[in-house]
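Undergrad: Pasting a structure below so you can have a look.
The values are calculated or read from the model by the stated rules, or taken from the named source; none is laboratory data. Since the structure is predicted, the reported quantities are computational estimates derived from the model, not experimental observations. Reconstructed Cβ throughout: ideal geometry from the backbone, glycine too, with neighbour counts over all protein chains shown. Remember, those area values only see protein heavy atoms, side chains included, never the ligands or the DNA or RNA. Shrake-Rupley method; radii C 1.70, N 1.55, O 1.52, S 1.80 Å.
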Amino acid sequence: MRLLDRHPRLAALVLGALAACGYAPLDLWPLTLLCFAAWLALVHRAPGVRAALSRGWLFGWAHLSVANNWIARAFTLQDAMPHWLGYPAVGLLCLYLAIYPMMAAGLAWRWGKRHAAGERPGPGFVLMAGAAWVLTEALRGWALTGYPWPPLASLWVPIRGVAQLAAWVGTYALSGLTVVLAGALLLLAERRWRAAAVGLPLVLLLALVPPRVPQAPMPDAAPRVRAVQPDLPEEERPGPDYAEHNLQALERLSGRPGAAPRLIVWPEGALRYLIEDGYPADYYWRQESPARVRARLARLLGPRDLLLTGGTGVQFTRQGEIETVTNSIFAVDARGALRGRYDKAHLVPWGEYLPWRPLLSKLGFARLVPGGYDFAPGPGPRSMALPGFGPVGMLICYEVIFSGHIVDPARRPRLIFNPSNDSWYGRWGPAQHLAMARLRAIEEGLPIVRATPTGISAIIAADGRLLGTVPPERAGAIEAVIPPAAAPTLFARLGNWLALIVGGLLGASAVAFRRWGR
């Protein structure tokens, strides 16, 4: 504690950076809990609200900068932006993201303490810290298009017993309960044995969560899903032959038709040829007509198979000029016919569009993803009806990280397809992305299938278990019987209202302890 008092700002930075080691791929979650416990002590010992806010901001800046270090890699793949700007850009982004932990610290200090002389941390402070974290992390996932990467709850994905709580309270509430658990460790360190019982609700919730009943074996003729990962290094800097090389790699890995119908899934942007009809002829890449490309795809399929592939949709004006471009998923059947299309709705700022383009383009800024056109957004989460497979939900890339916003409200799917391009994400990003997809599966009680060009492709059960993966930077495919969906979870029914309920209960309990607790 003396070290915290002597160098509180340095301590906040060090604790925040170390706390990020709890996320994938390191998964050092006990270290995260200890660092959060020490940070809560640091906030509690702040002499005033301004000091508490400062300690929250410094902790948050270091914590989120380390966790999001993978963003720097994107700058190495686009010559229009200086490569050296990667890590400074991460730090600049986190100047903003750190505002949310700062607010959590300020709320905990202002409303969780009784501000008596010599007061030690108590359950009121810990519970208010948990409530504030629920509120601010949910706000981070919504404000300015939202960026909840990574939620604190994602560190529990390797611990299935704890991760299952997401089905009952959701990610943001589980993040707040994690702060409460860290606070219980702080109270134990302060030898406040009775007060440390504030961590008991998490233990009780664990005891009440019913275990998942193992699913009965599925018949061999049941529909199967096959996720393909081509692992082409050219994905980083596509050359003139990339479109053809990529398609050939995907064809080689797509397997052969069998007795069971197959849903073959390819990554985001897998097809570099235009696949729809009606485009001006001079826009066909390498003079491959859409009909010829679809015929090649159809040769991979049995009569009951379907292919879902990422690709690009282009809309033209009457004058033949490009009007809009979309990041899309196309469904192709064994006759080479298009059975549906989904357009990505939640686009990535700086990646898929340049914010405030008229101004920033004049200042020399460009998108991190090469391309001359910004993508246009689609209508939101949709389920696509696929013959023989039922309704399949569609989410492209980081759309899967937004808790409570991944399922078509009009039609619950039987599974969710989440193609992505994680080659931009360095070493940490793909593992964190997969962890968040597993949380979404747990929350909604739905299996999720991911296909990426360079990894990590995965088939995820409805309880978050990994049924198969293709590791990073390897070519391969995984095939399995389509996992069954679970009954709609409590979170699937109530969504992020649960975050408000849990946050409100924690806050009300904190106020009660502050007024009447000892």
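Undergrad: So is residue 292 more than 15 Å from residue 232 (Cβ to Cβ), open to solvent by 30 Å² or more (accessible area, probe 1.4 Å), at pLDDT 85 or above and out of contact with any helix residue (DSSP H, G or I) (no Cβ under 6 Å at 6 or more places or on another chain) or not? Give the steps one after another, and end with the answer.
TA: Values: more than 15 Å from residue 232 (Cβ to Cβ): yes; open to solvent by 30 Å² or more (accessible area, probe 1.4 Å): yes; at pLDDT 85 or above: yes; out of contact with any helix residue (DSSP H, G or I) (no Cβ under 6 Å at 6 or more places or on another chain): yes.
So residue 292 fits the description; yes.
Undergrad: Follow-up. Can you pull out the residues in region 380-407 that are open to solvent by 30 Å² or more (accessible area, probe 1.4 Å), part of a loop (DSSP other than H, G, I, E, B) and farther than 29 Å from residue 174 by Cα?
TA: If the condition is that a residue be open to solvent by 30 Å² or more (accessible area, probe 1.4 Å), part of a loop (DSSP other than H, G, I, E, B) and farther than 29 Å from residue 174 by Cα, then 387, 388 are the ones that fit.
Undergrad: Give just the number: which of (1) more than 23 Å from residue 158 (Cβ to Cβ); (2) modelled with pLDDT of 95 or more does residue 484 not satisfy?
TA: Residue 484 satisfies all of (1) more than 23 Å from residue 158 (Cβ to Cβ); (2) modelled with pLDDT of 95 or more except (2).
Undergrad: Limited to region 434-461, what total is found for residues that are within 22 Å of residue 262 (Cα to Cα), open to solvent by less than 10 Å² (accessible area, probe 1.4 Å) and of a type in the set (A, V, I, L, M)?
TA: Residues flagged as within 22 Å of residue 262 (Cα to Cα), open to solvent by less than 10 Å² (accessible area, probe 1.4 Å) and of a type in the set (A, V, I, L, M) within region 434-461 amount to 9.
Undergrad: So, residue 419, is that one touching a residue at least 40 places away in the same chain (Cβ under 8 Å), buried (at least 24 other Cβ atoms within 10 Å of the Cβ) and not β-branched (Val, Ile, Thr) or not?
TA: So residue 419 fits the description; yes.
Undergrad: Here is a further query. Hey, can you tell me all the residues within region 480-518 that are closer than 19 Å to residue 419 by Cβ and either within 23 Å of the chain's Cα centre (by Cα) or open to solvent by 70 Å² or more (accessible area, probe 1.4 Å) (or both)?
TA: Selection gives 482, 483.
Undergrad: Same structure, new question: So which helices (runs of 4 or more DSSP H) are wholly in region 1-114 and hold at least 2 residues that are of a type in the set (Lys, Arg) and closer than 20 Å to residue 138 by Cβ? Explain how you work it out, then say what you get.
TA: On the way: elements: 2-6, 8-19, 29-44, 49-67, 86-97, 99-112.
Fully inside region 1-114 and qualifying: nothing.
Undergrad: Now a separate question. Hey, can you tell me all the residues within region 450-476 that are more than 13 Å from the chain's Cα centre (by Cα) and closer than 19 Å to residue 405 by Cβ?
TA: 460, 462, 464
Undergrad: Looking at (1) modelled with pLDDT under 95; (2) out of contact with any Pro (no Cβ under 8 Å at 6 or more places or on another chain); (3) among the charged types (D, E, K, R), which is the one condition that is false for residue 50?
TA: (1)
Undergrad: Still on this structure, I have one more. Would you call residue 48 closer than 17 Å to residue 101 by Cα, small (Gly, Ala, Ser) and crowded, with 24+ Cβ neighbours inside 10 Å?
TA: no
Undergrad: Could you give every pair whose Cβ atoms fall below 9 Å, whose first residue belongs to region 5-31 and is over 17 Å from residue 94 (Cα atoms) and among the acidic types (Asp, Glu), and whose second residue is open to solvent by less than 40 Å² (accessible area, probe 1.4 Å) and outside any helix (DSSP H, G or I), counting only separations of at least 6 or pairs across chains?
TA: What qualifies is 27/157.
Undergrad: Can you tell me how many residues in region 102-143 are free of Cβ contacts under 8 Å to residues at least 24 places away in the same chain and farther than 16 Å from residue 60 by Cβ?
TA: 6
Undergrad: What are the residue pairs meeting all of these: first residue in region 74-92, first residue over 17 Å from residue 428 (Cα atoms), second residue at pLDDT 70 or above and part of a helix (DSSP H, G or I), Cβ atoms under 6 Å, and 6 or more apart or on different chains?
TA: Close Cβ pairs (under 6 Å, with a partner that is at pLDDT 70 or above and part of a helix (DSSP H, G or I)) amount to 81/75; 83/75; 83/76; 85/75.
Undergrad: Being within 25 Å of the chain's Cα centre (by Cα) and open to solvent by 30 Å² or more (accessible area, probe 1.4 Å) is the filter here, so list the residues in region 32-45 that pass it. I'd like the intermediate steps shown before the answer.
TA: So the first thing to find is which residues in region 32-45 are within 25 Å of the chain's Cα centre (by Cα), and the list is 32-36.
34, the sole residue that qualifies.
Undergrad: Also, I was wondering about something else. Condition check: assigned to a helix (DSSP H, G or I), open to solvent by 10 Å² or more (accessible area, probe 1.4 Å) and under 22 Å from residue 512 (Cα atoms). Does residue 144 satisfy that?
TA: It is false that residue 144 is assigned to a helix (DSSP H, G or I), open to solvent by 10 Å² or more (accessible area, probe 1.4 Å) and under 22 Å from residue 512 (Cα atoms).
Undergrad: For region 160-171, give me each residue that is open to solvent by 10 Å² or more (accessible area, probe 1.4 Å) and either out of contact with any helix residue (DSSP H, G or I) (no Cβ under 7 Å at 6 or more places or on another chain) or in a helix (DSSP H, G or I) (or both). Even if it seems obvious, please write down each step before you answer.
TA: Filtering region 160-171 down to residues open to solvent by 10 Å² or more (accessible area, probe 1.4 Å) leaves 160-162, 164, 168-169.
Listed by number, the residues that qualify are 160, 161, 162, 168, 169.
Undergrad: With 110, 114 as the choices, which residue is surrounded by fewer than 19 Cβ atoms within 10 Å (Cβ to Cβ), of a type in the set (D, E, K, R) and modelled with pLDDT of 90 or more?
TA: Working: 114 fails: modelled with pLDDT of 90 or more.
It is 110.
Undergrad: Let me ask something additional. Any residue in region 46-59 that's closer than 17 Å to residue 114 by Cα: show its pairings with residues that are among the hydroxyl-bearing types (Ser, Thr, Tyr) and open to solvent by 30 Å² or more (accessible area, probe 1.4 Å) at Cβ separation under 9 Å, as long as the two are six or more apart or on different chains.
TA: Listed by first residue and then by second, the contacts come to 46/54.
Undergrad: Another question, if that's okay. Do you know which residues across region 128-139 are open to solvent by 10 Å² or more (accessible area, probe 1.4 Å) and not aliphatic (A, V, I, L, M)?
TA: 133 - this is the single residue of region 128-139 that is open to solvent by 10 Å² or more (accessible area, probe 1.4 Å) and not aliphatic (A, V, I, L, M).
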